[in-house]
Amino acid sequence: MADATLAEMRNRVLEKLFVLVAGETAQTEDAVTVEKVIVSTNEELRENELCYWSDSATPQYLVEHLAAYYACFLANDYMSAQEANAFRQDHFGFSLAKIRELTAGKKRIAEPTRGTYF
C-alpha cells in the first residue's frame, strides 16, 4: 500500500475533527492550518526520534494514529473548548503510545554510507 500524501493526511485529520466527511477536500484556509501543524508536529517527533518519514509520505500503518495525534493539536480550532478537551483526553495519550509502539523497531538515525572500492 502506498504512503499517504500530505494532502491525504490533512484531509484525514479534518475528518477526525468532523470538519470533512470522507471524500471531501479541505478549503484553502483549513489546508494551510492543518499542514502547518502536521509539519511542525513531525519536526517535534523527529526531535524525539519517533518520525522517520517525510511530511509528504506517511506510512499507511501510521495514518490513523497520526491523524488523531495531529487532530489533538487542532481541536481548539474546530471544536468548542469542552469538546476539544474531551477529544484530547480520548486520543492524545493513546495515539502517541501507538505511534511509539509502531515505530519502535524502525531505524531513526541515518547512517553515512560507505563506498565499496575494488
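The values are calculated or read from the model by the stated rules, or taken from the named source; none is laboratory data. What you are looking at is a predicted structure, and each value in this text was computed from that prediction instead of being measured. Note: ideal-geometry Cβ built from the backbone for every residue, glycine included; neighbour counts use all protein chains shown. For the accessible areas, the whole protein counts, side chains as well, though only heavy atoms, and no ligand, DNA or RNA atoms are used. Shrake-Rupley method; radii C 1.70, N 1.55, O 1.52, S 1.80 Å.
If you go through the range 11-26 one residue at a time, do you hit one that is modelled with pLDDT of 95 or more, part of a helix (DSSP H, G or I) and out of contact with any helix residue (DSSP H, G or I) (no Cβ under 8 Å at 6 or more places or on another chain)? Yes.
Across the range 1-46, the number of residues qualifying as open to solvent by 80 Å² or more (accessible area, probe 1.4 Å) and polar (S, T, N, Q) comes to 3. Within the range 36-63, if we keep just the residues that are among the charged types (D, E, K, R) and free of Cβ contacts under 8 Å to residues at least 12 places away in the same chain, the residue that is nearest to V13 (Cα to Cα) turns out to be K36.
Restricting attention to the range 66-79, the residues being without any contact (Cβ under 8 Å) to a residue 60 or more places away in the chain and under 11 Å from F92 (Cβ atoms) number 6. Among the residues of the range 47-63, those identified as touching a helix residue (DSSP H, G or I) at 6+ places or on another chain (Cβ under 8 Å) and open to solvent by 60 Å² or more (accessible area, probe 1.4 Å) are Y52, S56, Y61.
Answer yes or no as to whether K98 is assigned to a helix (DSSP H, G or I), basic (K, R), surrounded by 15 or more Cβ atoms within 10 Å (Cβ to Cβ) and under 14 Å from the mean Cα position of the chain (by Cα). When the stated conditions are applied, K98 passes them. Among the residues of the range 1-44, the one identified as small (G, A, S), within 12 Å of V63 (Cα to Cα) and under 11 Å from the mean Cα position of the chain (by Cα) is A4.
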